[in-house]
Amino acid sequence: MDEGLKTFSENNNRNITIVSKVPDVCRKEPCALGIDEAGRGPVLGPMVYGITYCPESRVEELKTIGCADSKTLTEEQREKLFQKLDSLQEFVGWAVEVISPNSICNNMFKRLKHSLNEVSHDSAIGLIRKALSLEANITSVFVDTVGPPEKYQAKLSALFPGIKITVSKKADSLFPVVSAASICAKVARDKALSTWKFKESPFINLKEENKELKWGSGYPGDPTTKKFLAQNIDLVFGFPQLVRFSWSTSEQILKSKGVTVEWEDTEEQENQAVSLKKFFGNSSKSNTPRRHPYFIDRKLKPATKLV
């Protein structure tokens, strides 16, 4: 996982999927696959979706080694459990998708908005397909729900008709294979956040000057995160890409502290119907294109000489 997260940190405005080796036994025996996420609510950093799968006959062994809902475990416990899971390569496989804050915001700010629930569904579906493409013999899937469980289960069942789908609230505390997935997702999220590399100044300069920059857990209620947001805002361009611009927390700060920017609205003009007469008009008329109102209003003229 560390190598994959290193790749993400070098280009953290894009998503990345990191996968383990598929155990031979998982290609032969019927396997259960669990899905869970970490980092859905924070205003900082990526959201991570994780899957874990193993033979259905050995699911209880995940409970034996201590797999539980990652939220009930300390960071140290999660790290040790992930190392244990990763060492069980003879019968356990896993994968995570790290979804960048930039990707989340771009989806939510689209003209046809792609909600966080839809982003979550897309990631879960993509990870199931990834496991199947690697020839893991997945026969049952257990998912911690996003939205109404019944609708989500029907959606997944339609996409994967040969697989038994179970979508449930609190699945991470009910099914060991989902608990294991939650640990993978949480460990990846914590590492991606703590090792974040800023591409924007002045954050790069701070690093060069060996000044420590703290941003906390990324949750809106975290005092360290609140301080980071309050002190690290560009009045015109907003926040660095670590921040989810689409979150109400960051939007409120931008509205109260940021400079109001007015954009020329040319959409109405662009959408006006063009008469066919335009193409068959008097050829004696000038063909000089009309200048945009932006330039006319500001009395701007083309420069023909460079002094």
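The values are calculated or read from the model by the stated rules, or taken from the named source; none is laboratory data. Computed from a predicted model, the values in this text were never measured in an experiment. Positions of Cβ are backbone-derived with ideal geometry, glycine not excepted, and every protein chain shown enters the neighbour counts. Accessible surface is based on the protein model in full, side chains and every heavy atom, while ligands, DNA and RNA are left aside. Shrake-Rupley method; radii C 1.70, N 1.55, O 1.52, S 1.80 Å.
Using the beta-carbon distance between Gln83 and Val261 and R0 = 51 Å, what value does 1/(1 + (r/R0)^6) give for FRET efficiency, to the nearest 0.05?
Using R0 = 51 Å, I get an efficiency of 0.60.
Tell me, what is the percent relative contact order of the chain, built from C-alpha pairs under 8 Å that lie six or more residues apart?
Reported relative contact order: 24 percent.
For the chain, give the percent of accessible area contributed by carbon and sulfur heavy atoms, probe 1.4 Å, rounded to a whole number.
The C+S portion of the solvent-accessible surface of the chain is 52 percent.
Positive end of the dipole of the chain, charges at C-beta (+1 Lys, Arg; -1 Asp, Glu), about the Cα centre: which of Leu81, Phe228, Leu127 has its Cα farthest in that direction?
The listed residue farthest towards the positive side: Phe228.
With a ≥ b ≥ c taken as the square roots of the eigenvalues of the C-alpha gyration tensor of the chain, please select rounded if a/c is under 1.5 and otherwise prolate if a/b is larger than b/c or oblate if it is not?
prolate
Alpha carbon centre of the stretch 214-232 versus the stretch 169-183: separation in Å?
Answer, in whole Å: 29.
Would you tell me the accessible area of Glu200, worked out with a 1.4 angstrom probe on the heavy atoms of the protein chains, in Å² to the nearest 10?
50
Using label points projected 7 Å from each Cα along Cα→Cβ, tell me how many nm separate Ser115 and Asn13, to one decimal.
Distance between the two pseudo-spin positions: 2.9 nm.
What full-extension length gain, to one decimal in nm, is calculated for Glu90 and Asp234 as 0.36 nm per residue of separation minus the Cα-Cα distance?
46.8 nm
Under a 1.4 Å probe, what is the accessible area of the stretch 2-194 per residue, stated in Å²?
44
Counting Lys and Arg as +1 and Asp and Glu as -1, each charge on the Cβ, what is the dipole of the stretch 2-194 about the Cα centre in debye, to the nearest 20?
Once rounded to the nearest 20, the dipole reads 620 debye.
If you take every residue apart from Val25 with its C-beta less than 15 Å away from the C-beta of Val25, what net charge results, scoring Lys and Arg +1 and Asp and Glu -1?
-2
Show which lysines lie in cross-link reach of Lys164 when reach means a straight Cα distance below 26 angstrom and same-chain residues fewer than eight apart are skipped.
Filter leaves Lys21, Lys28, Lys63, Lys130, Lys151, Lys155, Lys186.
Run lengths n ≥ 4 of DSSP H only: what is the helix-derived mean residue ellipticity at 222 nm for the chain, with -39500 (n - 2.57) per run over all residues, to the nearest 500?
My calculation for the chain gives -11500 deg cm²/dmol from helical runs alone.
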